[in-house]
Amino acid sequence: MLVSARSFAEYRAMFALTDGDLDQRVLDCPAGAASFVAEAGRRGIDAVAVDREYAVHREELGLLVERETGFKRDLLVQETAGFTPSWYADTDDLVRQWTANSRLFRADIAARPERYVAGALPGLPFPDASFDLVLSSHLVFSYGNRLGEEFHRAALLELARVARREVRLFPLMVYDTGERYHGLDRLREELAGAGIGSRVERVAYEFQPGDGEMLVLSCAGYRPPPAAPRTTAVDPVRWRHREAALPPACG
C-alpha cells in the first residue's frame, strides 16, 4: 500500500467539488500526505485530515512519502504501463507532483497540527455529524481484494456517521484488478435499508483506466445506532525504502 500525496486540484476533480461544497466543513479520510487540507487552509476552507499514520509517523510522514515515492519509481512505471496520461504526464511527473504536495503537507502539519487528527476506519475519533462533507479516496474499494466486505460495510457506515450531509468516495475500482468493487451493489442496498441513499457519478478525473467514478452517500436521514461497536484494523503502511537500506540479518 503506497501512501499518496495528491493535491487540492486533484481533490476538486476526483470529488467534483464546487465552491459551494467547499463552503462547508470538510473531512479528508484517510488523508495520507495529501496537500488538500494545507491548500484548503490557504483558501479559508474549514478542512480537517484524519489518518492512522499521524499517530506513528506524524513528524516525518511527508518526508517518508517523498522518499518512498521516489524509491518506488520503477515499480510505478510497471504498474502504470498502458495508463492513458491524464493528470500526470508520466511517472516522473507523478513523483515530482507528489514530492511537492508532500512538502506542503509537511509544512502545514507543523504549522497547524490541530487540523491533522490520528484515527482510522472504521472507528473515527469524532462525534456524530461532525462534518458537512466527508471525502474518502483510494482506500475503500481500492483495496477490495485485501480488505473484506465486513470492513467496507463498517467503513461506509462510519463515514456516514460523521457526515451531516454527504460522503463522497473515489474510486470504485479495485486497484489490483482494474474492476469495479464486486460488492458495491450489495453494500448500496444495505445502506439504503439503513436510511443512507447513494448514487454513482462520473467525475473529470481518471488515474487508472476506467476509474472515473465516485460514490455519493446522502446522510441527512441517517441515524446511527447508539454505541455502535468499532474497530481500527487496517492494513499497515510499510516503508520499503527503509527496509532496502537495512543490512542483511545474520544467520
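Please enumerate the residues belonging to region 178-205 that are within 15 Å of Val167 (Cβ to Cβ) and among the acidic types (Asp, Glu). Listed by number, the residues that qualify are Glu190, Glu201. When Ile45 is tested against (1) hydrophobic (A, V, I, L, M, F, W, C); (2) farther than 18 Å from His138 by Cα; (3) in a strand (DSSP E or B), exactly one condition is not met: (3). For the structure I just gave you, tell me whether Glu114 is open to solvent by 30 Å² or more (accessible area, probe 1.4 Å), free of Cβ contacts under 8 Å to residues at least 24 places away in the same chain and within 25 Å of Leu172 (Cβ to Cβ). So Glu114 does not fit the description; no.
Is it true that some residue in region 137-151 is in contact with a Phe, Trp or Tyr (Cβ under 8 Å, 6 or more places away or on another chain), polar (S, T, N, Q), under 22 Å from Met14 (Cα atoms) and not in a loop (DSSP other than H, G, I, E, B)? Within region 137-151, one or more residues are in contact with a Phe, Trp or Tyr (Cβ under 8 Å, 6 or more places away or on another chain), polar (S, T, N, Q), under 22 Å from Met14 (Cα atoms) and not in a loop (DSSP other than H, G, I, E, B).
Yes/no matrix, rows are residues, columns are (1) of a type in the set (D, E, K, R); (2) closer than 13 Å to Asp128 by Cβ; (3) without any contact (Cβ under 8 Å) to a residue 40 or more places away in the chain:
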position: Glu158; (1), (2), (3): yes, yes, no
position: Val162; (1), (2), (3): no, yes, no
position: Pro171; (1), (2), (3): no, no, no
position: Asp185; (1), (2), (3): yes, no, yes
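If only residues of region 197-206 that are touching an Asp or Glu at 6+ places or on another chain (Cβ under 9 Å) and closer than 23 Å to Ala155 by Cα are counted, the one that is surrounded by the most Cβ atoms within 10 Å (Cβ to Cβ) is Val203.
Sort through Phe15, Phe71 and tell me the only one that's among the aromatic types (Phe, Trp, Tyr) and crowded, with 24+ Cβ neighbours inside 10 Å. Checking each option against the conditions leaves just Phe15. Selection of region 1-12 for residues being crowded, with 21+ Cβ neighbours inside 10 Å and free of Cβ contacts under 8 Å to residues at least 60 places away in the same chain yields only Phe8.
Would you confirm whether or not region 159-171 contains a residue that is out of contact with any strand residue (DSSP E or B) (no Cβ under 8 Å at 6 or more places or on another chain) and closer than 27 Å to Ile45 by Cα? Yes, the conditions are met somewhere in region 159-171. Based on this model, can you work out whether Arg165 counts as more than 30 Å from Ser86 (Cα to Cα), open to solvent by 60 Å² or more (accessible area, probe 1.4 Å) and part of a loop (DSSP other than H, G, I, E, B)? No: the conditions fail for Arg165.
In region 19-38, the residues that are part of a helix (DSSP H, G or I) reach residues that are surrounded by 18 or more Cβ atoms within 10 Å (Cβ to Cβ) and of a type in the set (Phe, Trp, Tyr) with C-beta atoms within less than 6 angstrom, at least six apart or across chains, in these pairs: Phe36/Phe8; Phe36/Tyr11; Ala38/Phe105.
Table: residues versus (1) over 17 Å from the mean Cα position of the chain (by Cα); (2) at pLDDT 95 or above; (3) at positive phi.
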| position | (1), (2), (3) |
| --- | --- |
| Tyr11 | no, yes, no |
| Gly32 | no, no, yes |
| Phe36 | no, yes, no |
| Ala55 | no, no, no |
| Arg58 | no, no, no |
| Glu68 | yes, no, no |
| Asp74 | yes, no, no |
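When the test is whether a residue is touching an Asp or Glu at 6+ places or on another chain (Cβ under 8 Å), of a type outside the set (Ser, Thr, Tyr) and touching a residue at least 60 places away in the same chain (Cβ under 8 Å), Ala55 does not pass it. Any residue in region 119-137 that is more than 23 Å from Gly195 (Cα to Cα), in contact with a helix residue (DSSP H, G or I) (Cβ under 9 Å, 6 or more places away or on another chain) and open to solvent by 20 Å² or more (accessible area, probe 1.4 Å)? No, every residue in region 119-137 fails to be more than 23 Å from Gly195 (Cα to Cα), in contact with a helix residue (DSSP H, G or I) (Cβ under 9 Å, 6 or more places away or on another chain) and open to solvent by 20 Å² or more (accessible area, probe 1.4 Å). Here Tyr205 fulfils each of the conditions (1) in contact with a strand residue (DSSP E or B) (Cβ under 7 Å, 6 or more places away or on another chain); (2) of a type in the set (Ser, Thr, Tyr); (3) at pLDDT below 95 apart from (1).
The values are calculated or read from the model by the stated rules, or taken from the named source; none is laboratory data. A quick note: this is a predicted structure, and the numbers were derived from the prediction, not measured. Counting neighbours? That spans all protein chains shown, and the Cβs are built from the backbone with ideal geometry, glycine included. Heads up: the accessible areas ignore ligands, DNA and RNA and are worked out on the full protein's heavy atoms, side chains in. Shrake-Rupley method; radii C 1.70, N 1.55, O 1.52, S 1.80 Å.
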